[in-house]
Amino acid sequence: MKLSEEIFLFYLKTSQSLEMINRKLGIRDQLFYYIRQIFPMSGLYVIGSSLNGFGTNNADMDLCLMLTSVELDQRTDAIPILRAVKDVLENLNCVTDQCLIETAKVPILRIMFKSEDGGNMQLDMNVNNSVGVRNTHLLYYYSNFDWRFRPLVAIVKEWARRRAINDASRSSFTSYSLVLMLIHYLQYGVEPPILPSLQQCYKSHFDDSIDVRNLRMTDPLENEPNETFWETKNSSSLCDLLLGFLEYYSYRFNYESSAISIRMGRTMSRVEVMACQELPLQWSCIWIEEPFTRMNTAHSVYNTMIFELIKQTFMGSFETLNTSLNLNAFLTEPPLHLLARPTSIGLNDAITQEITESDQPNE
């Protein structure tokens, strides 16, 4: 089908090249050479879309500096560490500017890096935000589980960006939340399912008690004894799956009573979600469970008026695509005007959400 071909060609055109991945890893190694002089027992990890399989050549890079397996207080411990890193990088010719953002919930050091070929890249570094390493590891395996998943993520993220529903600072979704929504649809919204819950099928591989410094993306997924090998019998095209994704969140998903959980591979009720929470539940407009912390990755979606516009965007885009089967028409519809208005959420909060929730933790 033409639309399926167009989706796949869009993915091929925009996906991160091997050259860009190697460039980012080289920058990481270059910075780590200096950082380990003051923190010799540390590790510096690329997180988010740069490494989880959903990156583009235009994306910046997110980094996590791990010093210990013990959780650090981000307000009292992370900032002095980032200041020390800032000082050690201050005089490097390849670092043209640095900004320490201290007011965010997860402080970050924003670094402007200039490589020898003259290319510039923005780097955001946090300290000991281990969930970013874990969900990068998890999403990488999802991205390789079925060949259709990466092209679908690419087109959904581009659509959401153009329709102005991919901006946490404007009470809409982070890229990470959109990816989790798509995983959930492929787990639960199609029949037969295309993706399993990797955390249920491969419990030892994604055990959240594992030190993140021991996570390896080169390790194959192996079934535990008495576990069944997962194999989907769903042969739906990219066209059908994109339409199904839009239809599912337009008409079938119950936002008021159901939560998304890729950890469980299904929806969860409010009662189940509350049972997982140590703090009082803040349901917001939609609940998307972070698969390791079990908090709501969509807490930025709090404005009910804007959320109604988001749902209208899903419905309108579904009707447009279902009628025309035209990718260009689907991508060039203008955003609903209220989504372009800033809300009370601040820039630093938006940055924090990108760091802690990552597609990155990104993007």
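Its relative contact order, with pairs defined as Cα atoms under 8 Å and 6+ residues apart, puts segment 1-90 at 28 percent. Using only side-chain charges placed at the Cβ, +1 for Lys and Arg and -1 for Asp and Glu, the dipole size of the chain relative to its Cα centre rounds to 420 debye.
Taking the average, over residues, of other Cβ atoms within 10 Å as the packing measure, peptides 39-51, 83-95, 121-133, 260-272 rank 121-133, 39-51, 260-272, 83-95 from highest down. Each residue of segment 141-155 was assigned a 3J(HN,Hα) from its phi angle through the Karplus curve 6.51 cos²θ - 1.76 cosθ + 1.60 (θ = phi - 60°); the sequence is 5, 4, 5, 9, 7, 9, 5, 7, 5, 4, x, 5, 4, 4, 6 Hz, with glycine and proline shown as x.
For the chain, the share of DSSP beta bridges that are antiparallel, to the nearest 5, is 80%.
Applying the criteria of a DSSP loop state and at most 11 other Cβ atoms within 10 Å to the GluC sites (Glu not before Pro) of segment 167-257 yields E222, E231, E256.
Measuring against 23 Å, Cα to Cα, the residue pairs K24/K105; K13/K233; K2/K157; K13/K157 contain K24/K105; K13/K233 as the ones spanning a longer distance.
Footprinting exposure proxy ranking of W147, W283, fewest other C-beta atoms within 10 angstrom first, gives W147, W283.
Taking θ as phi - 60° and the Karplus parameters 6.51, -1.76 and 1.60, the scalar couplings of segment 79-84 work out to 4, x, 5, 5, 5, 5 Hz in sequence order, x denoting glycine and proline. As a proxy for reagent exposure, D117, D167 were ordered by neighbouring Cβ count within 10 angstrom, fewest first; the result is D117, D167.
Loop-located trypsin sites (Lys or Arg not before Pro) across segment 158-236 with a Cβ neighbour count of 10 or fewer within 10 Å are R216, K233, with loop assigned by DSSP. Distances between placed amide hydrogens fall under 5 Å for L63 paired with I47, D124, M125, N126, all partners being 5 or more residues away or on another chain. Within 14 Å, Cβ to Cβ, of Y45, how many net charges do the neighbouring residues add up to if Lys/Arg are +1 and Asp/Glu are -1? Summing Lys and Arg as +1 and Asp and Glu as -1 gives +2. With θ taken as phi - 60° and the Karplus curve 6.51 cos²θ - 1.76 cosθ + 1.60 applied, the whole-hertz 3J(HN,Hα) list for segment 45-60 is 10, 6, 10, x, 5, 4, 10, 8, x, 10, x, 10, 6, 8, 6, 7 Hz, x standing for glycine and proline. Let me know the shape class of segment 147-254, please: from the alpha-carbon gyration tensor, a ≥ b ≥ c as square roots of the eigenvalues, rounded when a/c is under 1.5, otherwise prolate if a/b is greater than b/c, or oblate. Since a/c reaches 1.5 but b/c is at least a/b, the shape of segment 147-254 is classed as oblate. Sorting D62, D146 by the number of Cβ atoms found within 10 Å of their own Cβ, with the fewest placed first, yields D146, D62.
Counting charges near T96 (Lys, Arg +1; Asp, Glu -1) among other residues having Cβ under 12 Å from its Cβ returns a value of 0. With N counted as the residues of segment 15-129, its alpha-carbon radius of gyration over 2.2 N^0.38 Å works out to 1.02.
Read-outs: derived from the displayed coordinates by stated rules, not from any lab. These figures come from a predicted structure and were not determined experimentally. Note that we place each Cβ from the backbone using ideal geometry, even for glycine, and neighbour counts take in every protein chain shown.
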